[in-house]
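Inspection log for the structure reproduced underneath, given as structure tokens.
The values are calculated or read from the model by the stated rules, or taken from the named source; none is laboratory data. What you are looking at is a predicted structure, and each value in this text was computed from that prediction instead of being measured. Cβ: placed from backbone, ideal geometry, glycine included. Neighbour counts: every protein chain shown.
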Amino acid sequence: MNYSIAVIPGDGIGPEIITEAKKVLDKIGNNFGHKFQYTEVLMGGVSIDATGVPLTDEALETAKKSDSVLLGAVGGNVGQSNWYSLPPNLRPEAGLLAIRKGLGLFANLRPAVLFDELKSACPLKDEIIGKGFDFVVVRELTGGLYFGDRKTFEENGLRKAIDTLVYDENEIRRIAKWAFEIAGKRNKKVCSVDKANVIDTSRLWRQVVKEVSADYPDIELTDMLVDNCAMQIVKDPKQFDVILTENMFGDILSDEASMVTGSIGMLASASLGDTKLGLYEPSHGSAPDIAGQNKANPIATILSAAMMLRYSFDLTEEADSIENAVKTVLKKGYRTIDIMSEGNTLVGTKEMGDYIVAEL
């Protein structure tokens with residue numbers, strides 16, 4: 001099969017980690033008889049430098065015409081880059097919001113998996129970790145506070161700002177369906193997270209999610225307030241299978257979830273919609289302080305490519321082979337600097353990619 005992939009290297013370490021992911025995909029293509037065709041797209045700071053905007057209409061059209069999109073990272077150091085002297089709608093991260101919206105990607109999937117080989121990097125106690133944990137945060141991506149009306153103004157001599165949190169039932173219903181579908185392929189448990197004791201949108205969220213759950217009688221649904229969920233992730237992460245939540249809560253909880261695994265450099269991410277076209281990216285940022293130094297961990301990007309094979313291309317065996325290769329390399333003791341521990345072998349970005357390719 002032939003697949004067209006829009007590749008966005010982006011800023012900072014983005015080009016380095018994308019290079020390693022492409023090496024892995026090419027090896028998969030050779031092993032399984034697939035052809036991956038890459039079209040490079042500018043987005044983020046490099047696009048601002050080249051075009052004046054973080055995402056051009058032409059770049060978005062290229063992404064729309066592809067079978068999937070693979071992204072490295074966007075952005076720079078806020079205090080050191082001229083990009084952040086620009087208005088918010090022209091900064092690097094605005095390109096990310098624009099491409100998600102433009103591609104209709106409303107569901108963000110962020111797995112939080114503790115690899116056996118990295119238990120020593122987990123900040124939680126051994127009695128909490130137990131045999132490890134494996135859950136996924138399903139976050140609504142194009143609604144809520146980040147996309148509501150906002151304004152900053154002066155009233156009676158005081159500066160004030162207003163951000164509007166809005167959800168309609170269709171936005172809630174479609175993300176809830178994603179969560180239940182994913183849970184059906186896992187351990188059949190959905191924990192819907194909200195703030196229904198305070199916020200009207202959360203009360204609507206809880207009602208609609210319960211309505212959707214009626215179509216999935218084999219899936220266990222529980223509700224949890226977001227502050228309690230934040231505590232439970234560090235108290236007993238093993239209890240979770242699929243966490244379903246709105247945009248801002250998901251943004252915060254998924255970062256918390258990533259850190260209890262020991263390194264954000266290990267965690268993949270997928271943004272999906274109503275079609276097979278998805279956007280796949282590592283959960284970490286652009287790390288400009290180590291860019292070009294062969295220090296970045298490419299595993300999150302490589303695992304994001306595996307998610308692309310699984311969710312956009314329905315290539316389950318191929319995705320499994322990448323994930324197994326990563327586990328084997330970790331078992332052999334190879335580590336980038338962010339996950340390095342005593343007794344293991346320190347390798348660079350390129351070498352980690354080579355070792356994973358060799359296992360394939």
Exercise for the section: Could you grab me the full set of residues in region 1-25 that are assigned to a strand (DSSP E or B) and more than 21 Å from PRO288 (Cβ to Cβ)? Expected result: ASN2, TYR3, SER4, ILE5, ALA6
Practice task
Consider SER258 carefully, then state whether it is under 30 Å from ILE18 (Cβ atoms) and either crowded, with 17+ Cβ neighbours inside 10 Å or not β-branched (Val, Ile, Thr) (or both).
Solution key: yes
Handout entry: From the options LEU90, LEU118, LEU114, residue that is touching a residue at least 40 places away in the same chain (Cβ under 8 Å), under 26 Å from GLU16 (Cβ atoms) and assigned by TED's automatic domain parsing to the domain that holds VAL24
Key = LEU90
Problem - Test result for LYS188, of a type outside the set (Gly, Ala, Ser) and at positive phi - result: yes
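Listed here are the residues, each with its yes/no results for (1) touching a strand residue (DSSP E or B) at 6+ places or on another chain (Cβ under 8 Å); (2) assigned by TED's automatic domain parsing to the domain that holds PHE135.
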{"position": "MET224", "(1), (2)": "yes, yes"}
{"position": "SER269", "(1), (2)": "yes, no"}
{"position": "GLU281", "(1), (2)": "yes, no"}
{"position": "ALA287", "(1), (2)": "yes, no"}
{"position": "ALA291", "(1), (2)": "no, no"}
Practice task
Select from region 293-303 the residues that are in contact with a helix residue (DSSP H, G or I) (Cβ under 6 Å, 6 or more places away or on another chain) and either at negative phi or outside the structural domain of PRO9 (by TED's automatic domain parsing) (or both) and list them in ascending order.
Solution key: LYS295, ALA296, ASN297, PRO298, ILE299, ALA300, THR301, ILE302
Handout entry: Residue that is surrounded by the most Cβ atoms within 10 Å (Cβ to Cβ), among those in region 274-299 that are under 20 Å from ILE356 (Cα atoms) and touching a Ser or Thr at 6+ places or on another chain (Cβ under 6 Å)
Key = ALA296
Fill in the blank from the handout: When region 142-191 is checked residue by residue, the ones that are hydrophobic (A, V, I, L, M, F, W, C) and surrounded by fewer than 15 Cβ atoms within 10 Å (Cβ to Cβ) are PHE153, LEU158, ALA161, ILE162, VAL166
Handout entry: strands (runs of 3 or more DSSP E) within region 81-187 that include 1 or more residues over 30 Å from SER66 (Cα atoms)
Key = 134-140, 150-155, 158-163
Practice task
Determine whether LEU105 is touching a residue at least 60 places away in the same chain (Cβ under 8 Å), surrounded by 22 or more Cβ atoms within 10 Å (Cβ to Cβ) and in contact with a strand residue (DSSP E or B) (Cβ under 8 Å, 6 or more places away or on another chain).
Solution key: no
Exercise for the section: Under 6 Å between Cβ atoms, at least 6 apart or on separate chains: pull out the pairs that start in region 247-271 with a residue that is modelled with pLDDT under 90 and end on any residue that is of a type in the set (S, T, N, Q). Expected result: SER258/SER283; ILE264/SER258; ILE264/SER283; GLY265/ASN297; LEU267/SER258; LEU267/SER283
Exercise for the section: Scan region 122-141 and give yes if some residue there is modelled with pLDDT under 90, under 30 Å from LYS101 (Cα atoms) and either of a type outside the set (Gly, Ala, Ser) or assigned by TED's automatic domain parsing to the domain that holds SER213 (or both), otherwise no. Expected result: no
Exercise for the section: Can you give me the ranges of the helices (runs of 4 or more DSSP H) entirely in region 234-347 with at least 3 residues that are under 13 Å from the mean Cα position of the chain (by Cα)? Expected result: 247-260, 299-311
Handout entry: Where a residue in region 134-153 is under 28 Å from PHE240 (Cβ atoms) and its partner, wherever it lies, is aromatic (Phe, Trp, Tyr), with Cβ under 6 Å and at least six apart
Key = PHE135/PHE240; VAL138/TRP178; LEU141/PHE106; THR142/PHE106; GLY143/TYR167
